[in-house]
Amino acid sequence: MTATTKTAPDSSGVVPFAARAPILSLKNIDKVFGRDVVALKGMSLDIRNGDFISLLGPSGCGKSTALRLIADLIHPTSGSIRWQVDKTPGALSVVFQEPSLMPWATVADNVWLPFRLQGKSRASVAGDIAEALELVGLENFHDAYPRELSGGMKMRVSIARALVTHPRIILMDEPFAALDEITRFKLNNDLLELKSKIGCTVVFVTHSVFESVFLSDRIVVMAARPGRVIHELHVNEPYPRSEEFRTSSEYVAHCRATSDALRDAMEEHI
Ligand SMILES: Nc1ncnc2c1ncn2[C@@H]1O[C@H](COP(=O)(O)OP(=O)(O)OP(=O)(O)O)[C@@H](O)[C@H]1O
């Protein structure tokens, strides 16, 4: 099957996809590990300013590989990845499933890390650190240590660390998968609020149809063996999205369409 675009009914308030300026483009990417593990085949994706893109698909379809390629942590076997805007230091940041905080450092020192790696003193970026912690609701925890925080709070620190450099793109690899459902819902809501405040672009890896529909305006559905894009769905529903959206008929319709696309992905083998 070739990649298709499924477009959900239009609603007001969402910037049309075609009107968004491109930030980064993947063109016809192949990624082969070793001799014959084809993790990605012919993947193309335009990431545009303000997108919230979810990469959704079965285990092994190459979601994390795509994210690592975008983050420049690994390189494509063939194809190209091009920034369409200037890539300044801190223009891209990554949030992983594990918060991976330094246990010996305070919350504020953990958030300082990306600047520290750029050689900037903590004093010179104190305002940015305070702002990032306030954005994730941890303004009273500057001096706490990771061991004093819940799982959800640790993930908030990890998100603050990703935000602190004011990135153009935030890549998130199943950041909430290890959290309980209530914390996950809360962080989903907070992430959308955060995005509307700072206007960043997000690429989010998930296994969850429900999470992808709630958060995204573009859902890229991938199939495995070899990893590739088989559908792109647009969730043209306005932000902010509230708890009411989770129980609306529109949400249910998008979840059904996304489940159908995921079923295609599970059945696809070249
Ligand atoms: N460093 C590596 N060396 C060899 N094979 C790899 C490597 N990284 C990924 N792969 C393989 O590439 C394929 C895609 O892996 P990837 O982790 O990107 O999938 P995924 O969709 O993120 O899976 P999951 O949902 O289980 O995390 C898999 O077959 C995986 O085993």
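Some notes on this structure:
- Counting only Cβ charges, +1 for Lys and Arg and -1 for Asp and Glu, the dipole size of the chain around its Cα centre is about 800 debye.
- DSSP beta bridges in the chain [antiparallel fraction, %, rounded to 5]: 45 percent
- Nitroxide proxy distance, nm - points 7 Å out along Cα→Cβ at residue 225 and residue 18: 3.9 nm
- The range 101-167, relative contact order [Cα under 8 Å, separation at least 6], %: 48 percent
- Leading residue at positive end of dipole, the chain (Cβ point charges), from 88, 21, 205: 88
- Nearest-0.05 FRET efficiency for residue 150 and residue 126, computed from C-beta distance (R0 25 Å): 0.50
- Between 0 and 90°, nearest 10: helix 249-267 axis offset from the chain longest Cα axis: 70 degrees
- Against the chain, whose longest principal axis comes from its Cα atoms, helix 151-163 is set at around 90 degrees.
- Computed extension length for residue 250-residue 27: 77.0 nm, one decimal, from 0.36 nm per residue of separation with the Cα-Cα distance subtracted.
- For the chain, Kirkwood radius (reciprocal of mean inverse C-alpha pair distance, Å): 19.2 Å
- Relative contact order of the chain, taken over Cα pairs closer than 8 Å and 6 or more residues apart, is 29 percent.
- Under 12 Å, Cβ to Cβ, from residue 153 - net charge with Lys/Arg +1 and Asp/Glu -1: +2
- Each Cα pair under 8 Å and six or more residues apart adds its sequence gap; the mean of these over the residue count of the range 178-270 is a relative contact order of 30 percent.
- The residues 83, 104, when put in order of fewest to most other Cβ atoms within 10 Å, stand as 104, 83.
- Note on the chain: with a GNM built from Cα contacts shorter than 10 Å, the maximum mean-square fluctuation among 180, 217, 109 falls on 180.
- Selection among 224, 261, 234 by position relative to the dipole of the range 210-270 gives 224 as farthest towards the positive end (Cβ unit charges, Cα centre).
- If the segment from residue 98 to residue 117 were pulled out straight at 0.36 nm per residue, it would be longer than the present Cα-Cα gap by 4.8 nm.
Throughout, read-outs are computed from the coordinates displayed, never taken from laboratory work. Here the structure is a predicted model, which is why all the values come from computation and not from measurement. Positions of Cβ are backbone-derived with ideal geometry, glycine not excepted, and every protein chain shown enters the neighbour counts.
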